[in-house]
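Quick notes on the structure that follows.
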Amino acid sequence: MTKDLKIGLLGLGTVGGALVRLLLTRAEQIERAAGLRIHVKRAAARTAGKSRPASLAAGALTYDPFEVVRDPEVDLVVELLGGINPARALVREALAAKKPVVTANKQLLAEHGEELFAEAERSGVALRFEGAVCGGLPVIRTLRDALAADRVASLHGILNGTTNHVLSRMTEGGGSFGAALAEAQAEGYAEADPTLDVGGFDAAQKLCLLARLAFGARVRPQDVLTEGIERIGPQDVAAARELGCVVKLLALARWVGGALDLRVHPAMIRAGGPLASVGGASNALLVEAEALGSTLLSGPGAGGACTAAAVAADIVDVGRPGAGAPLPFTAGRDVPLLPHDQIAASYYLRFTVDDAPGVLAGLTAALGKRDISIAALHQRERREGREPVSVVLLTHRAREGAVQAAVAEIDKLPTTRGRTQLIRVETEKV
Ligand SMILES: NC(=O)c1ccc[n+]([C@@H]2O[C@H](COP(=O)([O-])OP(=O)(O)OC[C@H]3O[C@@H](n4cnc5c(N)ncnc54)[C@H](OP(=O)(O)O)[C@@H]3O)[C@@H](O)[C@H]2O)c1
């Protein structure tokens, strides 16, 4: 038996436009496989005069998104506006009216998930978001369904395509961060204002959603230790290569004792490891679970077509005839978070110092008195005259608090000529 499903679409941009096209080209396939005929009953955009998908029915388009949510014939609302306002009010209103919602808006869910999932549970309708993390990769589905009865021990991911593209460029071409970012912007891989991506904030929002699914943990972006890739230089990329590593913006969530270690930062990971070969704008998630062991999902992490495919899969899942009650997602709980100074890792430290006698002794003394032991030390280049030099040092496993304190002390020494570069080395699982 075929069921008609009338959807209200909020947003006709990159993903919304691609969704309208996908629903048209895959209409027969969806009807055959899921017994579902999907109609875009209403669709909202902001700017009059832009060209819109030709397949939109006459009269479907409105510039008031609340009209879409309030249309009594709309069975399910798809939110593809992005941002918090007015998306938050629209999603809340749709859920309160017992209309299921599908969204790809990670920012909205990372910041207001609590309230929205509670509303969905109260109304007994689904709030789905496969498109919000890793574009078309079925990471949410895997954590929610396939691993529902397993116990996830850790997540390691490359969750942001822009930063991965920039770092891949720097690794291949050896250029600077600025040059690689400018190229990525020219090619459409980075926004004009790339702060959310290069600062690690986008990946932190996604990590919150994943941690909530994998660990039932109620966490917010401000709980995640977040550092961007802006300070990665060609010398760091070259040093990583010498160490048999590559630099990636790593998102990580894992239990350490009874506390959750949550971070997004540049990391040196093994060149032969599972995440190192994830190049360009791709995304990947490595899940370590008790029963299943290690599973890697990788592929295109963004783009209209693949995100629209994930959104469409959610629509089909929720709307198909006989779809059961949604799995509740709200059973999140507050969990202890690992204080950032308790993080344990090996550290790559690059000091910019005077090329003078006794300088090295000053560095090693600051580390030694905090029991940070040195695994390798290298003076990268000798310069003529009074030019500063780089001293690169790799520590054995140490506590973050001790390393940060040593670096702060070293950065105040009169022989230090620039801020010390610190990159964590994560080679255990990745
Ligand atoms: N693009 C990707 O690859 C990707 C991947 C994963 C997830 N996502 C997520 O998907 C969502 C949509 O992203 P996108 O790239 O499609 O964004 P986009 O291209 O900027 O499109 C946004 C759409 O929403 C409309 N809109 C914005 N504010 C509105 C308002 N107040 N009232 C009515 N319409 C409004 C815009 O109207 P106009 O057309 O008139 O400007 C546009 O059609 C975001 O949450 C994003 O994070 C995107």
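Each reported figure results from applying straightforward, stated rules to the coordinates on display, with no laboratory input. The shown structure was predicted, so the numbers you read here are calculated from the model rather than taken from an experiment. Note: ideal-geometry Cβ built from the backbone for every residue, glycine included; neighbour counts use all protein chains shown.
Brief remarks follow.
- Neighbour-limited loop hits for trypsin sites (Lys or Arg not before Pro), the stretch 131-190 (at most 15 other Cβ within 10 Å; DSSP other than H, G, I, E, B): Arg151
- The 3J(HN,Hα) values that the Karplus relation (6.51, -1.76, 1.60; θ = phi - 60°) gives for the stretch 160-174 are, in residue order, 10, x, 4, 5, 5, 5, 5, 5, 5, 4, 5, 5, 6, x, x Hz. Gly and Pro appear as x.
- As a proxy for reagent exposure, ranking Cys208, Cys306, Cys134 by other Cβ atoms within 10 Å from fewest up yields Cys306, Cys208, Cys134.
- Compared with the alpha-carbon gap, the fully stretched path from Glu172 to Ala305 is longer by 45.1 nm at 0.36 nm per residue.
- FRET efficiency for the Thr2 to Asp334 pair, using the beta carbon distance and R₀ = 41 Å, is estimated at 0.35.
- Peptides 47-53, 372-378, 400-406 ordered by average Cβ neighbours within 10 Å, highest first: 400-406, 372-378, 47-53
- Across all Cα atoms of the stretch 175-243, the radius of gyration (one decimal) and Dmax (whole number) stand at 15.0, 41 Å.
- With semi-axes defined as the square roots of five times the eigenvalues of the C-alpha gyration tensor, the equivalent ellipsoid of the chain measures 46, 23, 18 Å, largest first.
- On a per residue basis, the convex hull of the C-alpha atoms belonging to the stretch 340-425 measures out at 79 Å³.
- Given their separation in residues at 0.36 nm each and the Cα-Cα distance between them, Arg144 and Lys412 gain 91.6 nm when the chain is fully extended.
- Working note: Karplus 6.51/-1.76/1.60 with θ = phi - 60° gives the stretch 130-138 the couplings 4, x, 6, 10, 6, x, x, 5, x Hz, where Gly and Pro are set to x.
- Sorting 226-232, 54-60 by average packing, meaning the other beta carbons within 10 Å per residue, from highest down gives 226-232, 54-60.
- Hydrodynamic radius by Kirkwood, which averages 1/r over all alpha carbon pairs of the stretch 144-210, in angstrom: 13.5 Å
- Values of log10 I(q)/I(0), in the order q = 0.09, 0.12, 0.16 Å⁻¹, for the stretch 139-299 under a Debye, Cα-only, solvent-free model: -0.29, -0.51, -0.87
- Efficiency of FRET from Cβ geometry, Ala238 and Arg397, R₀ 22 Å, rounded to 0.05: 0.40
- Compared with the alpha-carbon gap, the fully stretched path from Ile374 to Ala186 is longer by 63.5 nm at 0.36 nm per residue.
- For the stretch 44-59, the Karplus equation 6.51 cos²θ - 1.76 cosθ + 1.60, evaluated at θ = phi - 60°, returns couplings of 10, 9, 10, 10, 5, x, 6, 6, 10, x, 5, 7, 5, 5, 4, x Hz by residue, with Gly and Pro reported as x.
- Entry note, the chain: the mean residue ellipticity at 222 nm calculated from DSSP H runs of n ≥ 4, each adding -39500 (n - 2.57), is -10000 deg cm²/dmol after division by the residues and rounding to the nearest 500.
- Cα→Cβ-extended label distance, 7 Å offset, between Glu67 and Asp341, nm: 5.8 nm
- Residues Met268, Met1, sorted so that the one with the fewest Cβ neighbours within 10 Å comes first: Met1, Met268
- Taken over the chain, lysine pairs spaced eight or more positions apart, or on distinct chains, with alpha carbons under 18 Å apart number 11.
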